[in-house]
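Working notes, beginning with the structure itself.
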Amino acid sequence: MGCESRVVEIVDNRRWFEPAGYRLTVTAGRGEVAAGQFAGLTIPGAPSRLGRPLAVYEADDQHWQFVYQVCGAGTGALAAMPPGSRLECHGPFGRELPWPGRPGRVALVAGGAGIGAFLLAARHLRRQGCAVDLLAGFAELPPDLDEFVRLGVEVRPASEAGRPGWPVYPTDYLDDRTYDWVYACGPRPLLRAVGHHPRLDKQRTYLLLDENMACCLGTCRGCVVDTVHGKRAVCADGPAFPAGWLTSL
Amino acid sequence: MDCLGLDLCGLPLANPLIAASGCFGFGLEQAAIGQAGGWGGIVSKAVTAEPRTGNRGRRLWETPSGLMNSIGLENPGVERFIAEIWPRMRQELSSRLIVNVSGSGEDEYCRVVDRLAAVDADMIEVNISCPNVRAGGMAFGLDPDTAGGLVSRLRGLTGQRLMVKLSPNAADIVAVALACQQAGADCLSLVNTFQGLAIDVASRRPVFDNLFAGLSGPAIKPLALRAVYLVSRAVAVPVVGMGGIQSAGDVVEFILAGATAVQIGTANFYRLGLAGQIAAGLEAFCREQGLGNLQELRGGLAVAG
Ligand SMILES: Cc1cc2nc3c(=O)[nH]c(=O)nc-3n(C[C@H](O)[C@H](O)[C@H](O)COP(=O)(O)OP(=O)(O)OC[C@H]3O[C@@H](n4cnc5c(N)ncnc54)[C@H](O)[C@@H]3O)c2cc1C
Ligand SMILES: Cc1cc2nc3c(=O)[nH]c(=O)nc-3n(C[C@H](O)[C@H](O)[C@H](O)COP(=O)(O)O)c2cc1C
Ligand code: FES
């Protein structure tokens, strides 16, 4: 319920990390949002008319927040929109993440704006009594991740630009602790590294996939991936799938 | 009061808005979120004799004001459609229901249409215009003789209303339209997608594994309007126009060009609950223009000379 198209207003839209990472707050408010779900944003003035899918980073009674990386015309135009501007927001779409049935140690592996999927996830997992590590990789420096720390999450940062004592990739942290469940969101190479990691159980490693989308409801069959159970729509059956399901990663 | 109601070859429609094939699935996901209302009719995704998994590789690519797709008729096949999907469509959707049929050869089209005798569809749409399959599909819609041959075989098989969906990729779409009318089509729908090519510069490869894919959306509207204008002047059967419609104004343009009703595809991906909004826009238009019924405008394009 509550999956609809509505006009929302930008409350805040600021640079959050380098290069070109942004954090966006809009008035949305209606309807529950579960961790893993995403919204489509139609960006006025962009050549694209399809909503740009973005994971809902934070949701309360009045606002939805998103984290995004400028990587094309749509996100570029979005970054230029000042507070007070209006845009259409569709959703929420997608399934809630699959959860571990019991407490254990969980790694959330994020590459850049992939962190956008994980604040709601971290909150839920902490409530379930899991120990949660956020393995957060950024091209340069991470933003202030105090929201995660306050939930009791251990933040383990990585930077491709290199920082003394930090690894280059967040996946480097997968070697020194044993994780019972792993969730990963970010660029394809990161998903591949996590999905093929020899220390991880592929049925307990969930990858949040990104495919070009149109309907976001599972009906147009435009965003399907091959799995051991046949074609699955990333928008409606996902976005998260066990790495062991994916036949072409 | 009822300014939008109409009759489409004997089938009463509450309004001229029909959800286009492939852009509304079977309507069930939309019904589940309360966003399936407002349509005069809904056309199903293409149904083939056997289940199909569709095309490999990328399936969607957005272009300025357009969308390219290469889905490749992924569908559960006619038997599962009849057993599992159709009963739910009838129960959960309140619009007129049209089943879109495709196949890789004449025999497959015939098998599907024959099996559809088992359901009480309001109409069958014969898709002779899918550009995204290697065999069949659009191949039937390019040539008047092939199209006419298929339609007359189907006409002999079923008493259900047949709407034939034409391809804008035909060299002479009017000739194909006339052949389908001659063969017994009750009405014609047009246009399906235009075949196009998308290139990925970084890899120097085509974006789609099938090389070409179908272009839809606002980018094709002027081309579609021209086709609807030409065909509706040439045939006596009703024409259902489509291609890039996203507003009430767009619908009026197609009706002025000669369409009796319209289908809306890609714009469903731009907004949930689109039909209700467009219908409200059309009602307001009729009030402002003092029209008793929108059909008064059909074919009313004032052409100089
Ligand atoms: C379920 C889901 C959740 C997402 N959540 C987030 C998020 O929280 N934060 C975030 O920054 N991004 C997220 N993305 C990715 C985001 O949707 C794309 O980066 C965005 O649509 C790009 O739009 P654009 O108009 O700026 O780029 P475009 O101009 O459309 O494209 C720029 C480049 O990116 C490629 N591209 C664009 N979209 C996709 C795509 N969907 N898949 C593969 N390649 C693509 C294009 O081929 C092109 O090379 C998510 C995607 C999905 C499917
Ligand atoms: C993703 C997608 C899937 C489609 N699948 C079908 C199909 O299965 N059968 C069919 O006859 N047309 C199919 N079409 C074509 C549409 O029904 C319609 O003819 C075309 O998109 C033009 O209208 P539009 O610009 O409003 O989308 C598809 C179009 C899209 C975009
Ligand atoms: S976007 Fe249409 S099936 Fe996923």
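Please state which one of A:Arg156, A:Arg177, A:Arg221, A:Arg192 is more than 16 Å from ligand 2 (Cβ to nearest atom) and closer than 30 Å to B:Met68 by Cα. Checking each option against the conditions leaves just A:Arg192.
Of note, A:Glu58 satisfies the criterion of being among the charged types (D, E, K, R), crowded, with 17+ Cβ neighbours inside 10 Å and away from chain B (no Cβ under 14 Å). Mind checking which residues of region A:166-201 are at pLDDT below 95 and basic (Lys, Arg)? Hits for region A:166-201 are A:Arg177, A:Arg199.
Tallying residues that are open to solvent by 20 Å² or more (accessible area, probe 1.4 Å) and facing another protein chain (nearest Cβ under 8 Å) within region A:212-227 yields 5.
From the list A:Asp175, A:Asp180, which residue is charged (D, E, K, R), open to solvent by less than 70 Å² (accessible area, probe 1.4 Å), away from ligand 1 (no atom under 16 Å from the Cβ) and more than 14 Å from chain B (Cβ to nearest Cβ)? Among A:Asp175, A:Asp180, only A:Asp180 is charged (D, E, K, R), open to solvent by less than 70 Å² (accessible area, probe 1.4 Å), away from ligand 1 (no atom under 16 Å from the Cβ) and more than 14 Å from chain B (Cβ to nearest Cβ). Filtering B:Leu73, B:Leu11, B:Leu17 for residues that are surrounded by 15 or more Cβ atoms within 10 Å (Cβ to Cβ) and away from ligand 2 (no atom under 16 Å from the Cβ) leaves a single hit, B:Leu11. For region B:274-305, the tally of residues that are within 14 Å of chain A (Cβ to nearest Cβ) and at pLDDT below 95 stands at 0.
Quick one: would you say A:Gln37 is touching a Ser or Thr at 6+ places or on another chain (Cβ under 7 Å) and either of a type in the set (Asp, Glu) or away from ligand 2 (no atom under 16 Å from the Cβ) (or both)? Outline the logic, then answer.
On the way: touching a Ser or Thr at 6+ places or on another chain (Cβ under 7 Å): no; either of a type in the set (Asp, Glu) or away from ligand 2 (no atom under 16 Å from the Cβ) (or both): yes.
Judged against the criteria, A:Gln37 is not a match.
Only one entry in B:Val207, B:Val262, B:Val201 is touching a Phe, Trp or Tyr at 6+ places or on another chain (Cβ under 8 Å), of a type in the set (A, V, I, L, M, F, W, C) and more than 13 Å from chain A (Cβ to nearest Cβ), namely B:Val262. Return the residues of region A:105-123 that are open to solvent by 20 Å² or more (accessible area, probe 1.4 Å) and in contact with a Phe, Trp or Tyr (Cβ under 7 Å, 6 or more places away or on another chain); say none if nothing qualifies. Across region A:105-123, the qualifying residues are A:Arg105, A:Ala113.
Which of the residues that make up region B:41-64 are assigned to a loop (DSSP other than H, G, I, E, B), facing chain A (nearest Cβ under 8 Å) and within 20 Å of B:Ser216 (Cα to Cα)? Walk me through it before giving the result.
Taking region B:41-64 and keeping what is assigned to a loop (DSSP other than H, G, I, E, B), we get B:44-46, B:48-51, B:53-59, B:64.
Now drop any that are not facing chain A (nearest Cβ under 8 Å), which leaves B:45, B:53-54, B:58-59, B:64.
Of everything in region B:41-64, those that are assigned to a loop (DSSP other than H, G, I, E, B), facing chain A (nearest Cβ under 8 Å) and within 20 Å of B:Ser216 (Cα to Cα) turn out to be B:Lys45, B:Gly54, B:Arg58, B:Arg59, B:Pro64.
Within region B:228-251, the residues that satisfy the criterion of being open to solvent by 10 Å² or more (accessible area, probe 1.4 Å) and touching a Cys at 6+ places or on another chain (Cβ under 7 Å) are B:Val237, B:Pro238.
Given region B:191-305, what strands (runs of 3 or more DSSP E) lie entirely inside it while holding 3 or more residues that are among the small types (Gly, Ala, Ser)?
On the way: elements: B:194-197, B:212-216, B:239-242, B:261-264.
Hits in region B:191-305: B:212-216.
In region B:180-193, is there at least one residue being of a type in the set (A, V, I, L, M, F, W, C) and open to solvent by 50 Å² or more (accessible area, probe 1.4 Å)? Outline the logic, then answer.
Step one: of region B:180-193, the residues of a type in the set (A, V, I, L, M, F, W, C) are B:180, B:183, B:185, B:187-188, B:190-191.
Still in the running and open to solvent by 50 Å² or more (accessible area, probe 1.4 Å): none.
Looking through region B:180-193, none of the residues is of a type in the set (A, V, I, L, M, F, W, C) and open to solvent by 50 Å² or more (accessible area, probe 1.4 Å).
For A:Asp237, indicate whether it is among the acidic types (Asp, Glu), within 14 Å of chain B (Cβ to nearest Cβ), in contact (Cβ under 8 Å) with a residue 60 or more places away in the chain and more than 16 Å from ligand 2 (Cβ to nearest atom). Here the answer is yes, as A:Asp237 does meet what is asked.
Among residues belonging to region A:195-218 that are of a type in the set (Gly, Ala, Ser) and closer than 28 Å to B:Met68 by Cα, point out the one that is nearest to ligand 1 (Cβ to nearest atom).
Among those that are of a type in the set (Gly, Ala, Ser) and closer than 28 Å to B:Met68 by Cα, it is A:Ala214.
Going residue by residue through region A:190-202, is there one that turns out to be without any contact (Cβ under 8 Å) to a residue 24 or more places away in the chain and within 14 Å of another protein chain (Cβ to nearest Cβ)? The answer is no, given that none of the residues of region A:190-202 is without any contact (Cβ under 8 Å) to a residue 24 or more places away in the chain and within 14 Å of another protein chain (Cβ to nearest Cβ). For region B:45-66, the set of residues classified as farther than 23 Å from A:Arg49 by Cα, more than 14 Å from ligand 3 (Cβ to nearest atom) and touching a Ser or Thr at 6+ places or on another chain (Cβ under 8 Å) consists of B:Ala46, B:Val47, B:Thr48, listed by residue number. All conditions but one from (1) modelled with pLDDT of 95 or more; (2) of a type outside the set (Ser, Thr, Tyr); (3) more than 10 Å from ligand 1 (Cβ to nearest atom) apply to A:Phe38; the one that does not is (3).
The values are calculated or read from the model by the stated rules, or taken from the named source; none is laboratory data. Fair warning: this is a prediction, and the values are worked out from it, not measured in the lab. Glycine also receives a Cβ, built like all others from the backbone with ideal geometry; neighbour counts cover every protein chain displayed. The protein model used for the area step is the full one, side chains on, heavy atoms only, and it has no ligands, DNA or RNA in it. Shrake-Rupley method; radii C 1.70, N 1.55, O 1.52, S 1.80 Å.
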